[in-house]
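Below is one structure, written out as structure tokens; the observations come after it.
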Amino acid sequence: MVKKKGATKHPTGAKKSYGQVKGPYLQKSVRKRIEALFLDNIGKVLTREQILEAARNPQTGREPENWHQRLSELRTDDGYTILSWRNRGDLKVQEYLMPHAEKRAKAAKRIRPTNATWTAVLERAKFSCEWSEGGEVCGLKEGDTDTVGGGRVKLTPDHKSPHSIDPSSDPDDLNQWRALCGRHQVIKKNYWDNTTGKLNVYAIVQAATKSDKLAVFLFLLDYFGYVLNDDGVITRR
């Protein structure tokens, strides 16, 4: 429970309207199923849970662990405007809104490696995620269970130079590509968020360990002038 001196006024002065999953969505790709959900809910707020529900494989019922990437592609590749808490103050983390169905002029189409190049990348990577941080390589293999991010691992090609900086690349040069699991494709946006050009702080915290999340939580409490008491109640300092 948080005790504070006054309620925060809604930034827009209007009550948010939440959307509904109107499926079933039977489109063949995760991206198309997510697109259909947003087009069914223009001007309404959609949550992470609703997106996952719509994005499920209609045959197996499996939830995709790479839905963040597909959502990003709707913005960058298809030109849709999809707002998040970074763009609109009344949206919470993991809430999204498509204000209209109009498409912006799109960035250059994402290049993918050729099949031969992708095979060579996978062989170099020993068919595992090549993300490296602090000298430690992720190493998750295709089909593994990601105990941090959840879901089964699907390796996808990552252009080492961010699409927002260099949308073109040599599809035949394996040195320009690496294999990443879905979680680390998202974490890469910590440094280069194609939609905002800013640090994706949420993804950083999402990928952190439980102890690191707690450290961030306590830091934010202190930063905003709150204290976590021994009885678990948060009060203003």
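Near the amide H of Leu180, within less than 5 Å, lie the amide hydrogens of Glu130, Thr156, Asp158, all on another chain or at least 5 residues away, with H placed in the peptide plane. Extension gain for Thr119-Lys22 works out to 31.0 nm (0.36 nm per residue, less the C-alpha to C-alpha distance).
On the basis of the beta-carbon distance and an R0 of 25 Å, Phe224 and Ser29 show a calculated FRET efficiency of 0.05. Counting 0.36 nm for each residue step from Asn87 to Glu49 and taking away their Cα separation leaves a gain of 11.7 nm. Amide H contacts of Tyr226: Arg237, each under 5 Å away and 5 or more positions distant or on a separate chain (H built 1.01 Å from N in the peptide plane; Pro and chain starts excluded). Would you mind getting the Kirkwood hydrodynamic radius of segment 16-106 from its Cα pairs, rounded to one decimal in Å? Kirkwood radius, segment 16-106: 13.1 Å. The modelled label-to-label distance for the pair Lys141/Leu39, using points 7 Å beyond Cα in the direction of Cβ, is 4.0 nm. Here Thr117, Thr156 are placed in order of increasing Cβ neighbour count within 10 Å, fewest first, which gives Thr156, Thr117.
Taking amide H positions as modeled 1.01 Å from N, with prolines and chain starts lacking one, the residues under 5 Å from Trp85 and 5 or more places away or on another chain are Gln94, Glu95.
In order along segment 85-102, phi translates into HN-Hα couplings of 4, 6, 9, 9, x, 8, 7, 8, 4, 6, 10, 9, 8, 9, x, 7, 9, 5 Hz, rounded to whole numbers, per the Karplus curve 6.51 cos²θ - 1.76 cosθ + 1.60 with θ = phi - 60° and x for Gly and Pro. Coupling constants for segment 50-56 follow from the phi torsions by the Karplus curve (6.51 cos²θ - 1.76 cosθ + 1.60, θ = phi - 60°), and in residue order they are 5, 5, 5, 4, 6, 7, 3 Hz; glycine and proline get x.
Given 10 Å bins starting at zero, what is the percent of C-alpha pairs of segment 78-145 in each, up to the one with the largest pair distance? Result, from short to long distances: 16, 23, 23, 34, 4 percent.
We did not get these values from a lab; they are worked out from the coordinates using the rules stated. Here the structure is a predicted model, which is why all the values come from computation and not from measurement. All Cβ positions, glycine included, derive from the backbone under ideal geometry; neighbour counts span all protein chains shown.
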